[in-house]
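The values are calculated or read from the model by the stated rules, or taken from the named source; none is laboratory data. All values derive from a computational prediction rather than experimental measurement. All Cβ positions, glycine included, derive from the backbone under ideal geometry; neighbour counts span all protein chains shown.
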Amino acid sequence: MARKESPNKKDLPKEEFEAGPQKKAASRKFSWFGSKLFDIIKFLLGVSLLPFVYSSTASFLNEFGVVPKGLQTYFCAGAITFIAVYLFVLEPSMVYNAGHKILEVLFQFFTPLVKVAPFLLPIYTIVIFVLYKFAALFIRSDWLLQYAMFLFGFTLALHLVFSSKSMRSRKGDLLKGNYIFGFSFIYIVNLGIMAFCLNLIFKDFSFVDFCNSSYATARDLYHSVFSQLFLK
């Protein structure tokens, strides 16, 4: 059976031959435009999350006020200690990367979570909480909770700082849309996780009140901004 010969460029009509590069150029322009448009959308979504960043922070601090002052100091000391180590001693990136790999292994059965979970979940904070709750079944001592609060602050700061650094260093992020949206979302989720853990440790700390207050404050901010912009 005779094999069909594929037409070469010389066999094509001049119009078809010249249309090829033009179509490729148009396709590249459309792809570039679509990518930049998506970046702008992510930037706008990131900005829209900022009221929740504020409201979740304010609500967390309000609920955190019910924690005994001494334990608040341990939590803050843990966060400050990490920042001091990070700025003046060394960047414990190996510790963060190890936690990153642990989460990749845990969520390898579900591909989307493999990419998101290492940034979203503060693995060391969760591990410290689980270990504390287990140890508290057998050890009744103030020092156990003091160490736990210190490590909560240390590990939460570690996760937020390195997640921020990882997202900020990504190239091709027009208007920093990925960074603003991604880190805002990570920050809100991390505060929620920390609030949930403290709710299970301190009877006066309410995770439900934290959520309700965060929502109500953000809603009022959205309403205020909308009124200023469109209802004047």
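For the range 118-155, what are the residues that are farther than 11 Å from C197 by Cα and among the hydroxyl-bearing types (S, T, Y)? Those that are farther than 11 Å from C197 by Cα and among the hydroxyl-bearing types (S, T, Y): Y124, S141, Y147, T155.
Report whether or not F185 is in a helix (DSSP H, G or I), out of contact with any Cys (no Cβ under 9 Å at 6 or more places or on another chain), buried (at least 18 other Cβ atoms within 10 Å of the Cβ) and at pLDDT 95 or above.
Taking the combined requirement at face value, the residue does not satisfy it.
Take the conditions part of a helix (DSSP H, G or I) and at pLDDT 95 or above and apply them to N178. Does it pass? Judged against the criteria, N178 is not a match.
Answer yes or no: is there a residue in the range 97-113 that is surrounded by 17 or more Cβ atoms within 10 Å (Cβ to Cβ), within 14 Å of the chain's Cα centre (by Cα) and closer than 23 Å to C197 by Cα. Write out each step before concluding.
Going residue by residue through the range 97-113, those that are surrounded by 17 or more Cβ atoms within 10 Å (Cβ to Cβ) are 99-100, 103, 107.
Now restrict to residues that are within 14 Å of the chain's Cα centre (by Cα): 100.
Narrowing further to those that are closer than 23 Å to C197 by Cα: 100.
The answer is yes; a qualifying residue exists.
Restricting attention to the range 153-160, does a residue exist that is in contact (Cβ under 8 Å) with a residue 24 or more places away in the chain, over 18 Å from G99 (Cβ atoms) and assigned to a helix (DSSP H, G or I)? No: the range 153-160 contains no residue that is in contact (Cβ under 8 Å) with a residue 24 or more places away in the chain, over 18 Å from G99 (Cβ atoms) and assigned to a helix (DSSP H, G or I). Can you find a residue in the range 37-44 that is in contact with a Lys or Arg (Cβ under 8 Å, 6 or more places away or on another chain), of a type outside the set (V, I, T), touching a residue at least 24 places away in the same chain (Cβ under 8 Å) and surrounded by 17 or more Cβ atoms within 10 Å (Cβ to Cβ)? Yes: the range 37-44 contains one or more residues that are in contact with a Lys or Arg (Cβ under 8 Å, 6 or more places away or on another chain), of a type outside the set (V, I, T), touching a residue at least 24 places away in the same chain (Cβ under 8 Å) and surrounded by 17 or more Cβ atoms within 10 Å (Cβ to Cβ). K133: surrounded by fewer than 16 Cβ atoms within 10 Å (Cβ to Cβ) and in contact (Cβ under 8 Å) with a residue 12 or more places away in the chain, yes or no? The answer is yes for K133.
Residue-by-condition table, conditions (1) farther than 22 Å from Y74 by Cα; (2) within 22 Å of the chain's Cα centre (by Cα); (3) surrounded by fewer than 20 Cβ atoms within 10 Å (Cβ to Cβ):
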| site | (1), (2), (3) |
| --- | --- |
| P122 | no, yes, no |
| Q146 | no, no, yes |
| F152 | no, yes, no |
| T155 | no, yes, no |
| L160 | no, yes, yes |
| S164 | yes, yes, yes |
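Residue by residue, here is whether (1) in contact with a helix residue (DSSP H, G or I) (Cβ under 7 Å, 6 or more places away or on another chain); (2) of a type outside the set (A, V, I, L, M, F, W, C); (3) touching a residue at least 12 places away in the same chain (Cβ under 8 Å) holds:
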residue: K69; (1), (2), (3): no, yes, no
residue: F75; (1), (2), (3): yes, no, yes
residue: G78; (1), (2), (3): yes, yes, yes
residue: F82; (1), (2), (3): yes, no, yes
residue: Y86; (1), (2), (3): yes, yes, yes
residue: V89; (1), (2), (3): no, no, no
residue: T111; (1), (2), (3): no, yes, no
residue: L121; (1), (2), (3): yes, no, yes
residue: Y124; (1), (2), (3): yes, yes, yes
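The condition of being within 22 Å of L151 (Cβ to Cβ), surrounded by 19 or more Cβ atoms within 10 Å (Cβ to Cβ), modelled with pLDDT of 95 or more and not hydrophobic (A, V, I, L, M, F, W, C) holds for Y74.
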